[in-house]
Amino acid sequence: MSPTATLEYSSNAPEPLPYPRLSAHHLLPTKEPDYLRLILTAKVYDILKETPLVYAPNLSAKLGNQIWFKREDLQEVFSFKIRGAYNFMASIPEDERWKGVVSCSAG
């Protein structure tokens with residue numbers, strides 16, 4: 001690169017995309033998502049069962065910290081993926097549902 005060439009730095013990057021699917025009451029004053037509110041108001045609790053947190057004593061001792069597992073494998077579908085998929089589909093506005101949904105999973 002020649003000494004006169006100009007470099008493009010990350011400060012020239014475009015502004016991050018806003019959160020178009022979130023209502024104003026789901027945003028913090030900083031305009032970031034209010035994740036706690038989103039979790040507590042998720043529609044997924046209508047169809048899925050609440051799964052326990054299970055303490056892992058051996059791993060906790062080995063790592064010198066408290067390690068807990070969220071047992072989503074106890075769902076009927078044996079996966080946590082159902083939470084995100086269902087919650088997303090349940091939040092699609094009525095006027096956009098006719099478009100349908102395409103999804104895939106890598107495992």
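Expected output is a single nm value to one decimal: the length gained when fully extending between H25 and I47, i.e. 0.36 nm times separation in residues minus the C-alpha distance. What is it?
In short, 5.5 nm is gained.
By a straight-distance test (C-alpha under 30 Å), which lysines pair with K62 as possible cross-link partners, with residues fewer than eight away in the same chain excluded?
K70, K81
State the volume of the convex hull built on the alpha-carbon positions of region 19-100, expressed per residue in Å³ and rounded to an integer.
Once divided by residue count, the hull of region 19-100 is 141 Å³.
Rolling a 1.4 angstrom probe over the protein chains, ignoring ligands and nucleic acids, what is the accessible area of V101 in square angstrom, nearest 10?
Rounded to the nearest 10, the figure is 70 Å².
Got a sec? What order do Y35, Y86, Y45, Y19 fall in by accessible area at 1.4 Å, biggest, i.e. largest, first?
Ranked from most to least accessible, the order is Y35, Y45, Y19, Y86.
From the protein chains alone at 1.4 Å, what is the descending order of accessible area for E72, E32, largest first?
Most to least solvent-accessible, the answer reads E32, E72.
Could you calculate the FRET efficiency of F88 with D34 from 1/(1 + (r/R0)^6), where r is the beta carbon distance between them and R0 is 22 Å, rounded to 0.05?
E(calc), rounded to 0.05, equals 0.80.
The values are calculated or read from the model by the stated rules, or taken from the named source; none is laboratory data. Bear in mind the structure is a predicted one, so any value in this text is a computation, not a measurement. All Cβ positions, glycine included, derive from the backbone under ideal geometry; neighbour counts span all protein chains shown. In case anyone asks, the SASA skips ligands and DNA or RNA and just uses the protein heavy atoms, side chains included. Shrake-Rupley method; radii C 1.70, N 1.55, O 1.52, S 1.80 Å.
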